[in-house]
Amino acid sequence: MCRLRFTPAGTSPSSANKPQLCSTRRLEAFQLSTILQYLIYGLQLGSVYALLALGYTMVYGIVGMINFAHGDFLMIGALGTFFIAKLFTSFNVDGTYPMLIVGVIILMAMLGTGGIGVGVEAIAYRPLRNKPRMIALITAVGVSMFLENFPRALSFIGPNPRSFPTLFKVVRYSFLGASITSTQIIMITLAAVVMVGLYFLVNKTKIGSQMRAVSMDKDAAALMGINVNRVISLTFFIGGALAAVAGICYASVYPQVEVYMGAWLGTKSFIAAVLGGIGDIRGAMLGGFIMGVSEIFATAVNSTLGYAVGFIILIVILLVKPAGIMGKLTKEKV
Amino acid sequence: MNWKRLLKSAYPAAIVIALYFLTMLLLKVGLFNKYYIQVMMFAGINIMMTASLNLVNGFTGQFCIGHAGFMSLGAYGAAIITTMVFDGKNIPALAQTPVFLLGLIVGGCVAAFVGVLIGLPSLKLKGDYLAIVTLAFGEIVRAILRLIKPIGAARGMIGIPLYSTLAWILFFMTLTLFLLKNLIYSPYGRAFIAIRDNEIAADVMGIDTTKYKITAFCIAAFIAGVAGGLYAHVLAFIQPDSFSFTKSSDFLVFMYAGGSGSLTGSIVGAALLTVLPEVLRFLSDWRIAVYAAVLVIVMLYRSDGLCGGKELPFMRIKRNSLYDKPIFPRKNGKNEPAGSNR
């Protein structure tokens, strides 16, 4: 199986055969405007990681399993958006869509991906809930393979990458020498709004307190009259919906969708979730942004380093704080 | 040692030798072709990888999900010895075998050394966090290999001599299984199983858990390194990206589908799941989707794996000769030590 390696845009290694350009590029890296530019890219990538990491961390916090198929929800969200946007093609004006239609498209993609998340949980994970965790993890690997290769085999999707439609009118703004597009602004804002919304959902609403109760103790929560299955389904739904938003965010800026796109994004977001302390919502957001920003900065130095830097940060942090930045270490009782 | 015992302990080896000659015969007759042989070679390598992973995951209870990292270290270590240090393609045939073996051992040692390094954080991290560190380790190894220019960086290493034959792979596979069987089903191996079942209790009973955990990592890494060396000499081409997390998850899948805590399970899982995608080739595009569906169904209906915790007779040592108690507690509760007077 080949999985494409993920390289963020703007990192073409063309400087390899031009040593002079290379040195000037290095110098540029210290200028304020360049740093700001990297920061914008980092925030943008970080919001994708954070949204995905939230899904990982919520599922882990509530069910206690690593859902390796979560990255593929992102792919389903992005591919789904591609096809939904095709449905609304009659509303297309000058290559972009009106705001209302974009909202409908995003909402439909979120609902659809969330639904697939619920379905996957009901079919593949629920029967294994009381089995050792590694069993569920292997099943998740199988589900991930299925979610990647089933659409690949379908004739109307296939293995070829497609170019993602431009949903918004792209306007380029200049800010302290760094350029930022309207798509980036909208996507970062959307991610932020979704994350704040999730934070309030979990901490301020009734269903949120049910979720927290289930994550603390499933059996006690069930005794208190909480429908555990419903809460877990809802968690997968929210995870899927967030992954769809992440997919749209990612595909709007790196406009290419194909069936394997979720694999590496998923792994890295998972790393981000662990970095922040898996099971903790604030930790996932923080971890996502740390991963995104550090990856962009390291990629500016060397593209392979950019890929590895997240893992190096992870190991360093875990050696200092074995449960991640926000995570609490639980003492094992005898 | 009397003759009967010797014969008894030798018959698994006899099965492997018979398998080899049968394959060679079928190849001569024309029923088998080179492609079948290559699938068999990969199956052998995968069995080695899966069995060694089983030592760490299935028997010691540590979660290593970056096993392909060790494999890549072994593959590169061995390939550097046979290709760059000795010019493997242009040395006399007599010198090839020692060079090959030296390469495999060096590859194994490099992997084992790194295995110890990875074993060290396992003292501090538990469960899922350890798993993530091993995942990160595998990816860091891959990233570093992509950076080193003399060994081809991201393009990979070419021109590796084709030393691995089916006979060599079957030999190393048998040796691995023999060693692991004798290690695991011995008093020493019971320490691994004790750590898996309850680490704190094992510690209290006086087992040096640190030592055993690092030993497990080290041995598994060595075997993975040798398997990687064999792999490099099958394909004559290695590249960092072929040892990605996808590869590690393949071995995990083989291991848990076969059944963790069972060497027989590793053999069955690795052999079946290596052959299955090849058998499914007639499905063309649907191949991996069907494979994944089969995997999920197996995990749903046989969560303990195909051989969950059980061993075929030749993959275990007769219990009475070593211990009073069975290794795996029976379900019907008749678990009394043979020598008790109750």
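What follows is calculated from the coordinates using simple rules that are stated; it is not laboratory data. The model shown is predicted, which means the values in this text are computed figures rather than measured ones. With ideal geometry, Cβ positions are generated from the backbone for all residues, glycine too; neighbour counts draw on all protein chains shown.
Some values worked out for this structure:
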quantity: Size of electric dipole in chain A: Cβ of Lys, Arg +1 and of Asp, Glu -1, about Cα centre, debye, nearest 20; calculated: 400
quantity: Average beta-carbon neighbours from other chains, 10 Å sphere, peptide B:252-258; calculated: 3
quantity: Folded to 0 to 90 degrees: helix A:228-253 orientation relative to chain A principal axis, Cα; calculated: 0
quantity: Share of alpha-carbon pairs per 20 Å distance bin for the protein assembly as shown, given as whole %; calculated: 17, 50, 28, 5, 0
quantity: Which of A:MET291, B:MET71, A:MET195 has the fewest Cβ neighbours within 10 Å, and the rest in rising order; calculated: A:MET195, A:MET291, B:MET71
quantity: Residue among B:ARG142, B:ARG155, B:ARG196 with the largest mean-square fluctuation in a Gaussian network model of chain B, springs linking Cα atoms under 10 Å; calculated: B:ARG155
quantity: Longest segment of chain A lacking trypsin sites (Lys or Arg not before Pro) that sit in a DSSP loop with at most 14 other Cβ atoms within 10 Å; calculated: A:1-168
quantity: Order of A:SER269, B:SER244 - criterion: other Cβ atoms within 10 Å of each residue's Cβ, fewest first; calculated: B:SER244, A:SER269
quantity: Normalised convex hull volume, chain B, alpha-carbon set, Å³ per residue; calculated: 166
quantity: Distance violations [Cα-Cα > 32 Å] among A:LYS169/B:LYS149; B:LYS213/B:LYS247; B:LYS149/B:LYS181; B:LYS149/B:LYS247; A:LYS321/B:LYS149; calculated: A:LYS169/B:LYS149; B:LYS149/B:LYS181; A:LYS321/B:LYS149
quantity: Among B:ALA43, B:LEU312, B:PHE243 the positive-end extreme of the charge dipole of chain B (Cβ point charges); calculated: B:LEU312
quantity: Leading residue at positive end of dipole, the protein assembly as shown (Cβ point charges), from B:HIS67, A:ASN92, B:MET299; calculated: B:MET299
quantity: GluC sites (Glu not before Pro) restricted to DSSP loop in the range A:248-334 with at most 12 other C-beta within 10 Å; calculated: A:GLU332
quantity: Simple spin-label estimate for A:VAL193 and B:TYR11 in nanometres, 7 Å along Cα-Cβ; calculated: 7.3
quantity: Furthest towards positive pole of dipole, A:LEU167, A:PHE82, A:ILE138, structure part the range A:19-320, Cβ charges; calculated: A:ILE138
quantity: Cα long-axis angle, helix A:182-204 against chain A (0 to 90 degrees, to the nearest 10); calculated: 20
quantity: Gyration tensor (Cα) of chain A, equivalent ellipsoid semi-axes in angstrom; calculated: 33, 25, 19
quantity: Longest site-free stretch - chain A; sites: chymotrypsin sites (Phe, Trp or Tyr not before Pro), DSSP loop, at most 10 other Cβ within 10 Å; calculated: A:157-334
quantity: Estimated 222 nm signal from helices in the protein assembly as shown, with DSSP H stretches of n ≥ 4 weighted -39500 (n - 2.57), rounded to 500; calculated: -22500 deg cm²/dmol
quantity: Highest-MSF residue in chain A out of A:THR81, A:THR89, A:THR267 [GNM, Cα springs under 10 Å]; calculated: A:THR89
quantity: B:ASP203, A:ASP217 arranged by Cβ crowding within 10 Å, fewest neighbours leading; calculated: A:ASP217, B:ASP203
quantity: Other-chain or far-sequence residues with amide H under 5 Å of B:MET157's (modelled H); calculated: B:ILE238, B:GLN239
quantity: Rounded to the nearest 20 debye, dipole of the protein assembly as shown from Cβ charges on Lys, Arg, Asp, Glu; calculated: 1080
quantity: Candidates B:GLY152, B:GLY305, B:GLY69: whichever shows maximal mean-square fluctuation once chain B is modelled as a Gaussian network with Cα springs under 10 Å; calculated: B:GLY152
quantity: Chain A: angle of helix A:70-87 to the longest principal axis, Cα-based, in degrees nearest 10; calculated: 70
